[in-house]
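Notes for the one structure printed next.
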Amino acid sequence: MSAQTTLTEDAPLILDATCSLAKIWPRYASIRMDIRKEVNPDIVASACYLPFRDGIFNKIFCDPPHIIDVRITSKSSPLGSKMKARFGYWSHPREWKKFIQLTNQEFKRCMKLEASLEYKVVDGKWYGMTKLRDLQSMNNFIILSDKARPSAGSKNNTTHFLSLKPKPCQK
């Protein structure tokens, strides 16, 4: 996929729903959104409550925080503390699981039927990391592919790049 330089009637609309400071997909996203205004998104909003009409997006990118634990401090884990500041974090596993539940509904609502969802999740072996198995509750989607690789800076974690498509509506 290449960056679009002009707006046309059939231009794909692409949302980076969790853009953060990292700007992983800026060359693809039509709209950069994040809940944190300090990362300078186009729209400040939660991915759990998308401020868009139904069936608008051709693609949604989601790279949520991978750390779950407010107890990580600069003394207990210097790297974890830096990652919390840069990418955000979940204060409790329930918060992470609620995010999955709500975005399962919202992403499906805002996507065209032929759209795709690109989801990055770190499957951490440590208790304070997200888990791939938690995404089993994304029951509005079918996993098309999972490109897994060791996480940068940690031999104990695996980063998964999932490509999903919405399940057809049941009648």
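The values are calculated or read from the model by the stated rules, or taken from the named source; none is laboratory data. Remember, predicted model here, so these are calculated numbers, not experimental data. What goes into the accessible areas is simple: the full protein's heavy atoms, side chains included, and nothing from ligands, DNA or RNA. Shrake-Rupley method; radii C 1.70, N 1.55, O 1.52, S 1.80 Å.
Summary of values
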| quantity | calculated |
| --- | --- |
| Entries of K59/K131; K125/K165; K97/K120; K97/K131; K108/K167; K112/K165 with Cα pairs more than 18 Å apart | K59/K131; K125/K165 |
| Extended-chain gain in nm, criterion 0.36 nm per residue less alpha-carbon gap, R94 and R53 | 12.0 nm |
| Whether the stretch 89-170 is rounded, prolate or oblate, judged on the alpha carbon gyration tensor where a/c under 1.5 counts as rounded | oblate |
| Accessible area of the stretch 101-171 divided out per residue, in Å², using a probe of 1.4 angstrom | 59 |
